[in-house]
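What follows is a short report on a single structure.
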Amino acid sequence: MLETEISGIKLRNPLVLAAGILGVTKESLRRVARDAGAVTTKSIGKKPRKGNPNPSIVAFEHGLINSVGLSNPGIDAVLSEFGRLDDLEVPVIMSIFARKKEELAEVAAKAEKLNPAMIEIDMSCPVFEYEGMPWDNPKTTEEIVRSVKKAIKRPLAVKLSPNTARIGEVALGAERGGADVITAVNTLPGMIINPEAGLPVLSNRTGGVSGPALKPIAIRAVYEIYEKVSIPIIGVGGVTTGRDAVEMLMAGASAVGVGSAVYYRGVEAFAKIKEEMEEWMRSNNVRNVKEIRGLAHRR
Ligand SMILES: Cc1cc2nc3c(=O)[nH]c(=O)nc-3n(C[C@H](O)[C@H](O)[C@H](O)COP(=O)(O)O)c2cc1C
């Protein structure tokens, strides 16, 4: 009932652990792999990165805001720790980032040695120094994607930022550069001020907003991208319940990323959302994911 496919990779259900949610250990991925359709690693860069000091993740009424800052042990340490990524119960998507275009291709080539099912590049990465703000520039995105695609053989997912007024065009740039999948969206920059302290709550002051507050923004992004490209989309942003996941599929997603919901519902979030999706489908006489994918686009 819930089977789906992204770029030739079969998933037993559409739920994908979003990047950066559960550390970098294989054990944490394994726990989620019991119920998810696929899992994504934390984003890994060329060198170890400490990230920002605490508080770096704070809950508010409508979601979370984080400034974790891409803390990670660096690709070389991950190569020796993980060994391989094709021995989990489900496909593993390896997320990577870099400061520069050339570095990104280099990290991608190394990441491929781990045998992930797919490589995902974090194009919304705030540390990116490459000129031309790729998250808001279709041409720059196309160039970056093309250079990474040349360096690898596996399918490539490109993760986009909602921080643009032309996400459909940026996705089209990624598709032209050779992307196999679009992942949309990453967090949206924001700030929360504690009125009593008279200061922002995050040590970094600004951070990325995720969770329910992001959902309508993510739904719109996926809807627009679906109109522009023909490659599959992993829709991410604020999905907390089975009903939210159905909404994401109807916007045009082939698979659905789940991040902040793990903070709200624990790792059981995947089993719960899966059950809720099945229940919704049964009571609405929907037999499979294909029947509802992109449904909201009919006029
Ligand atoms: C604490 C935290 C860390 C994250 N780290 C990464 C990361 O390393 N790479 C990345 O591409 N996205 C990262 N994200 C973004 C998520 O993968 C996801 O795109 C975003 O949170 C929206 O989905 P959600 O509302 O289901 O959380 C992070 C999100 C959170 C909350």
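The values are calculated or read from the model by the stated rules, or taken from the named source; none is laboratory data. Because the structure is a prediction, the values reported are computed rather than measured. Neighbour counts are summed over all protein chains in view; Cβ atoms, including those assigned to glycine, are modelled from backbone coordinates with ideal geometry. Quick note on the areas: whole protein, heavy atoms, side chains included, nothing else; ligands and nucleic acids left out. Shrake-Rupley method; radii C 1.70, N 1.55, O 1.52, S 1.80 Å.
Computed quantities for the displayed model
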{"item": "Some residue of the range 190-200 being at positive phi and of a type outside the set (D, E, K, R)", "result": "yes"}
{"item": "Residue match in the range 114-124 (condition: more than 20 Å from the chain's Cα centre (by Cα) and open to solvent by 40 Å² or more (accessible area, probe 1.4 Å))", "result": "no"}
{"item": "Total residues in the range 192-216, condition away from the ligand (no atom under 13 Å from the Cβ) and either in contact with a strand residue (DSSP E or B) (Cβ under 7 Å, 6 or more places away or on another chain) or part of a strand (DSSP E or B) (or both)", "result": "7"}
{"item": "Condition broken by residue 64, with the remaining ones in (1) surrounded by fewer than 22 Cβ atoms within 10 Å (Cβ to Cβ); (2) more than 12 Å from the ligand (Cβ to nearest atom); (3) at pLDDT 90 or above satisfied", "result": "(2)"}
{"item": "Residue identified as in contact with a helix residue (DSSP H, G or I) (Cβ under 9 Å, 6 or more places away or on another chain) and either among the charged types (D, E, K, R) or within 16 Å of the ligand (Cβ to nearest atom) (or both) among 99, 84", "result": "84"}
{"item": "Selection status of residue 256, open to solvent by less than 10 Å² (accessible area, probe 1.4 Å) and modelled with pLDDT of 95 or more", "result": "yes"}
{"item": "Selection status of residue 15, buried (at least 23 other Cβ atoms within 10 Å of the Cβ) and within 30 Å of residue 287 (Cα to Cα)", "result": "yes"}
{"item": "Residue in the range 88-146 that is modelled with the highest pLDDT, counting only those that are β-branched (Val, Ile, Thr) and in a loop (DSSP other than H, G, I, E, B)", "result": "90"}
{"item": "Test: residue in the range 267-284 that is modelled with pLDDT under 95 and open to solvent by less than 60 Å² (accessible area, probe 1.4 Å)", "result": "yes"}
{"item": "Of all residues in the range 145-172 being in contact (Cβ under 8 Å) with a residue 40 or more places away in the chain and among the small types (Gly, Ala, Ser), the one that is surrounded by the most Cβ atoms within 10 Å (Cβ to Cβ)", "result": "157"}
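Residue-by-condition table, conditions (1) in contact (Cβ under 8 Å) with a residue 40 or more places away in the chain; (2) open to solvent by 50 Å² or more (accessible area, probe 1.4 Å); (3) within 14 Å of the ligand (Cβ to nearest atom):
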position: 20; (1), (2), (3): yes, no, yes
position: 28; (1), (2), (3): no, no, yes
position: 34; (1), (2), (3): yes, yes, no
position: 45; (1), (2), (3): yes, no, yes
position: 52; (1), (2), (3): yes, yes, yes
position: 59; (1), (2), (3): yes, yes, yes
position: 72; (1), (2), (3): yes, no, yes
position: 79; (1), (2), (3): no, no, no
